[in-house]
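Only one structure is covered here, and it is reproduced in the block below.
Read-outs throughout are calculated quantities, based only on the coordinates presented, and are distinct from any laboratory measurement. Here the structure is a predicted model, which means the values were calculated and not measured. Quick reminder, even Gly has a Cβ in these numbers, built from the backbone with ideal geometry, and neighbours come from all protein chains shown.
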Amino acid sequence: MPMNWKTGGVLLGLVFFLAILLVKPIGVSTQFVILDGIIADAVNPDFVTATDDGFTSTNAYLAKSGGKYAKSVANPLNYSFVFVLAMMLGGFLSAMARGGIDAQDRKVPALWRANYGDDPVKRYLVAFLGGFIVLYGARLAGGCTSGHMMSGMMQTAVSGYIFAAGAFAAAITVSILMFKKEA
Amino acid sequence: MTSIILAIVIGAAFGVALDRVGASNPSTINKMLNLTDLRLAKAIMLAIGLGSVLMFGGQMIGLVDVGHMSVKAAYAGVFVGGLLLGAGWAMAGYCPGTGLVAAASGRKDALFFVAGGLLGAAAYMMTYPMWRASGLLDPIWGGKVTLGVIPGSGYDGVTSLPGDILGIVLGLAFIAIAFALPERLLGQPSTQAHPAE
């Protein structure tokens, strides 16, 4: 772990506080939907369309809640989408500033190597499948680790606690079963 | 325009924090989830607790606008989705935010995670009507509710306790747990010498 947990926790806590002080709670997973919508709308311009008082979509999920997702697809230069792009930039700069991630770990992470060897194909397949399940689950839940768990529990939201209970029950079980050898 | 500048500043700070705390390293995530190294869990608990104390304390002295709160609805699908997310989180070692940060910082497996994520989100967009029809998205316990009643928030509380004071108490509890939690719960500390990471 690159940073003492206390320093890291304070840094992370201050960012979550700053977000709610200045704008709104942090969330990420919705932006996967927005990017999907942007791609779909680029392929088929009728996917998201303007209405008299906003935007709608042929997709029921984008059209729900008065078309708020459709609106974000139509205007990608909005707070939440730019936030996620900036988060990626910040992560990149931070990793570079500490000398970057070593080449072997960039290819296959250490704990995976200790348990399953350094064949990247197997690792990439599981990462892809994991990504599919994570985002499908996050959208069903209405948020992810950032929005539901951290922002939610911080605000004493009941939904945040329900989400964390489900997420940790599954994650701890799967992780203990999958990663028996230590790196 | 102000909101875009704020998005860049806060977003970048969040990305830096995720990288530095180790959350975008899938090995660190799974060492937390398999209970062999809980330092990241301690950091997360401290962050939630500190954020809570500052936010509710700030609300009580009028520094933080209660209107900035955004509470998500409670429904059965939150738990089911949480289970799915948790399983994928352990498999991949990434959640949506940390996967993006990892991909940006050069981790190749994270690119596959993000590609899978885009497909998973698209699959949900297509199957959303089925979930809506199932009733699993219907609000439970009042939907957008908090544990206590937070003055001026407009959200109902599942208890009639003062939500801001409760938030500070719970925040302090999170901080206390962060300090009390051992660094590992399962297995024994490795006896063989290993080089520092």
Can you tell me which of (1) more than 21 Å from residue A:141 (Cα to Cα); (2) crowded, with 24+ Cβ neighbours inside 10 Å; (3) within 7 Å of chain A (Cβ to nearest Cβ) is the one residue B:27 doesn't meet?
(2)
Which is buried (at least 24 other Cβ atoms within 10 Å of the Cβ) and under 27 Å from residue A:95 (Cα atoms), of B:117, B:106?
B:117
Odd one out for residue B:53 among (1) crowded, with 24+ Cβ neighbours inside 10 Å; (2) farther than 25 Å from residue A:142 by Cβ; (3) more than 7 Å from every other protein chain (Cβ to nearest Cβ)
(1)
Give the stretch A:150-165 a look and list any residue that's crowded, with 24+ Cβ neighbours inside 10 Å and either facing chain B (nearest Cβ under 7 Å) or under 20 Å from residue B:34 (Cα atoms) (or both), or say none.
A:150, A:152, A:153, A:154, A:155, A:156, A:157, A:158, A:159, A:162, A:163
Residue B:145 buried (at least 17 other Cβ atoms within 10 Å of the Cβ), within 21 Å of the chain's Cα centre (by Cα) and not small (Gly, Ala, Ser):
yes
Among the residues in the stretch A:3-17, are any crowded, with 23+ Cβ neighbours inside 10 Å, within 27 Å of residue B:124 (Cβ to Cβ) and within 8 Å of another protein chain (Cβ to nearest Cβ)?
yes
Is it the case that some residue within the stretch A:96-116 is in contact (Cβ under 8 Å) with a residue 40 or more places away in the chain and within 20 Å of the chain's Cα centre (by Cα)?
no
Against the definition (among the polar types (S, T, N, Q), in contact with a helix residue (DSSP H, G or I) (Cβ under 9 Å, 6 or more places away or on another chain) and over 30 Å from residue B:12 (Cβ atoms)), how does residue B:127 come out, yes or no?
yes
Considering the stretch B:96-115 alone, what residues qualify as being without any contact (Cβ under 8 Å) to a residue 12 or more places away in the chain, facing chain A (nearest Cβ under 7 Å) and on the phi < 0 side of the Ramachandran plot?
B:108, B:112, B:115
